[in-house]
Every structure is written in C-alpha cells, then in structure tokens.
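Step one of this worksheet: look at the structure below.
The values are calculated or read from the model by the stated rules, or taken from the named source; none is laboratory data. Note that the structure is predicted; figures quoted are calculated from it, not measured. As a convention, Cβ positions derive from the backbone with ideal geometry for all residues, glycine included, and neighbour counts pool all protein chains shown. These area figures cover heavy atoms from the full protein model, side chains too; ligands, DNA and RNA do not enter into them. Shrake-Rupley method; radii C 1.70, N 1.55, O 1.52, S 1.80 Å.
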Amino acid sequence: IEGISSSFIGPCVAALTLAQFGPARFDDVMAGNILWGHLGSIASALLAGLTGYYLYPDIKYCFLVIGFSALCAVGGVQLLEEGDALMGRGLQTQAAGTLDTSVVAEDIDSNTGYLNADQSIAVEAEKNVASYWSVFGDRKTIVLCFTGFFFHFANANVLLVLGELMGGDNEDGSVKRSAIPLIASAIVLAQFTMSGATFAGDIATKRGSGRKPLFLAGLITLPIRCALIILWKDSGDAFLLSTQILDGLGGGFFGLLHPYLVNDIAFGSGRFNVLMGLTASCFGLGGTLSNLLGQIAVEHLGHVASLTGSLVLSFIPIALFWKFMPETRDERGRNRSIEIKAVEGGELA
C-alpha cells in the first residue's frame, strides 16, 4: 500500500506544478516543492525517532507519526488548484508572444503567459499528442531510465547496511534501543543535506548551470560513500553517520534534476506525466531489487561484500549518463511534432 501511494506523489506534484505555473516557471517552483518535502521528512524522522526511543520496545507507535503526517498532507491537497490540465500533461509549448496574432489578451493566463486550456488551439493540440513510442524511444528517455535504475539499484541497500553496522541487534535478535536514534539521525542528516543540495542546485540552475554537470555530481557521490563506509566500518558510529552527507548530496541533486530532465525531454509531447511515471517506475524497480539482493548478499557474504557490490554497480550510471546523455537545459519543448505554431488562419501546422 505504501509503495502504491508514494509512487503517485512525485509525478502528481510535478504535474500540478507544471499545470499551475507553466514550463517557464516550472524549475523554480518545483525546487521549492522539493525543498519543503525534504524539510517535512526531517520533521517526521525526528518525531518518529523520538517516539520510538521513548516508547521502546513498543517502536511500532512511531508509525503513528507517519500516519498523522499523511493525514495532514491529504488535507492540504484539498487546497490546491488544478491549473491548466493540458499544460500539466506537457502541451502548449510556445510562449504567448510567439503565438498567432489572432490570439487576444483574454485568451492568455496572466500568471503563466500560456494559453488557457479551454481555447480551441489547446483542444486541437490535445488531439495531436505524440505517440508513446516517439517519447519512450527517445535516446534521452532510455538513458535516464537506465541511469536511474542502476543508481537506485546500487544505492537503496546502502542505508540498510549502514543501519546494521551502526545499530546492531540484541542477543535475542531484536533491535537495540540505540539503533533507533542512530537510524533517525542518518535520515535527518541525509534529508538536511538534501535540502542544502536542492537549494544549491536551484541557485546553480538560475545562474545558467546545465543539467548534466549537476546530475553527474550527484551520481559521483555514491561510489565515494560506499568506499568510505567500507573503510570506516570499524571506526565508530560517528564516522559511519557522516557518510550520510554524501547520500544527501547525491539524493538532493538526483531528486531535483529528475523532473527538470523529464520536462526537458517530454514538454510539447503531451506525455510528461507518462514519462514521469515510467522513470519513477524504473527507479523504484532498481531500489526494490537493491534491497532484496543486497540483503541476500549480507546474509550469505557479509556487509562488506554487499557494499562492494554497490560500489561496483555505482559506476554504471555515471558511465551511462556521462557518455550517452546530451545536455537538455535549452531543449524544453523543441522538435516536438505537436508543438503549437503560428500559421495562417490560426490552425495548427
């Protein structure tokens, strides 16, 4: 149930952001949404950790904190505006100033500068969305899906192994009381660093930095993190906990750039939401297999072997993205067959 529900959050937030603010303001607003998401995760982790520690051994009550947070989110969703549903799908690629002169001021949304969804040109655009294959077969789509899959395949299990190295178990196999605040601290430190990485990435983007160097910077943190955990496995909890800074940097840049890249690739095709769902599915599949196979490796081969596997795998997404992914910063909405064009008579080309 958690997997099904959480898989909707990222794509839905991205779609609502695009629908309400348009492609020109998408990056700025999306960065704010992601930043607040990290801050919320910090608050939840702190409350859950404190609840589990003080109510130990009844640590199950820490889930009530997560449930309460979810209820607050459900209430907040009711206050959101839907925005332009067609633009939320990734339609209407040209700014108001470049559209046919027959379009009058009343047809333009004053906040986004894009056509309102009820205009005839938008309705016609909806009938001409790109085929699934034209989007899924795009090299950039394939590279992003495989990069994200292998990144999460290498990364997801690392936190589990880190927690096992720091916390340990009691003789009866139950979780030690000291493990609870340590795991909470690991999550808080990573989310705090993700907040900083999100803010820094947003500033860098506004100053003209491309997607590729920032995304690569996030990917490169993973092999460094794995190597340090292996090196410091017997050096104490403080050393192990500090490696979560690298997790925060990697996760922060990855989480910020993911919707940017999808919007660059898909806007103008009408398949923005489908591509968000496809990429998120690939990432989730990688994370699931990482946890499964990584813990099997721990059980049969030990923690170091599991981490070594993650270390080796972590170079695959770096190589894929560096070699095959072009810079997409200035490609948003370009070269799409359903792009709205100004033509004689106000018809679509």
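When segment 217-268 is filtered for residues that are open to solvent by 10 Å² or more (accessible area, probe 1.4 Å) and of a type in the set (D, E, K, R), the ones remaining, listed by number, are LYS233, ASP234, ASP237, ASP247. A count restricted to segment 210-234 and to residues that are part of a helix (DSSP H, G or I), free of Cβ contacts under 8 Å to residues at least 24 places away in the same chain and within 23 Å of ALA186 (Cα to Cα) stands at 3.
Does segment 239-257 include one or more residues that are touching a Phe, Trp or Tyr at 6+ places or on another chain (Cβ under 9 Å), of a type outside the set (Lys, Arg), free of Cβ contacts under 8 Å to residues at least 24 places away in the same chain and part of a loop (DSSP other than H, G, I, E, B)? No, segment 239-257 contains no residue that is touching a Phe, Trp or Tyr at 6+ places or on another chain (Cβ under 9 Å), of a type outside the set (Lys, Arg), free of Cβ contacts under 8 Å to residues at least 24 places away in the same chain and part of a loop (DSSP other than H, G, I, E, B). Contact annotation: residue pairs with Cβ atoms under 8 Å, 6 or more positions apart or on different chains, pairing a residue in segment 55-82 that is of a type in the set (Phe, Trp, Tyr) with a partner that is open to solvent by 60 Å² or more (accessible area, probe 1.4 Å), are TYR56/ARG177; TYR61/LEU55.
Among the conditions (1) at pLDDT below 95; (2) open to solvent by 40 Å² or more (accessible area, probe 1.4 Å); (3) in contact with a Phe, Trp or Tyr (Cβ under 6 Å, 6 or more places away or on another chain), ILE183 misses just one, which is (3). When ASP84, ASP58, ASP28 are checked against the criterion of being open to solvent by 30 Å² or more (accessible area, probe 1.4 Å), of a type outside the set (S, T, N, Q) and over 19 Å from the mean Cα position of the chain (by Cα), a single residue qualifies: ASP58.
Which of the residues spanning segment 148-163 are under 14 Å from the mean Cα position of the chain (by Cα), buried (at least 24 other Cβ atoms within 10 Å of the Cβ) and among the aromatic types (Phe, Trp, Tyr)? PHE151 - this is the single residue of segment 148-163 that is under 14 Å from the mean Cα position of the chain (by Cα), buried (at least 24 other Cβ atoms within 10 Å of the Cβ) and among the aromatic types (Phe, Trp, Tyr). Does segment 320-330 contain at least one residue that is open to solvent by less than 10 Å² (accessible area, probe 1.4 Å), under 14 Å from the mean Cα position of the chain (by Cα) and not polar (S, T, N, Q)? Within segment 320-330, not a single residue is open to solvent by less than 10 Å² (accessible area, probe 1.4 Å), under 14 Å from the mean Cα position of the chain (by Cα) and not polar (S, T, N, Q). Restricted to segment 1-25, and to residues there that are touching a residue at least 40 places away in the same chain (Cβ under 8 Å) and of a type in the set (A, V, I, L, M), the residue that is most open to solvent (accessible area, probe 1.4 Å) is ALA24. Answer with yes or no whether VAL304 is among the β-branched types (Val, Ile, Thr) and over 15 Å from the mean Cα position of the chain (by Cα). Criteria met by VAL304.
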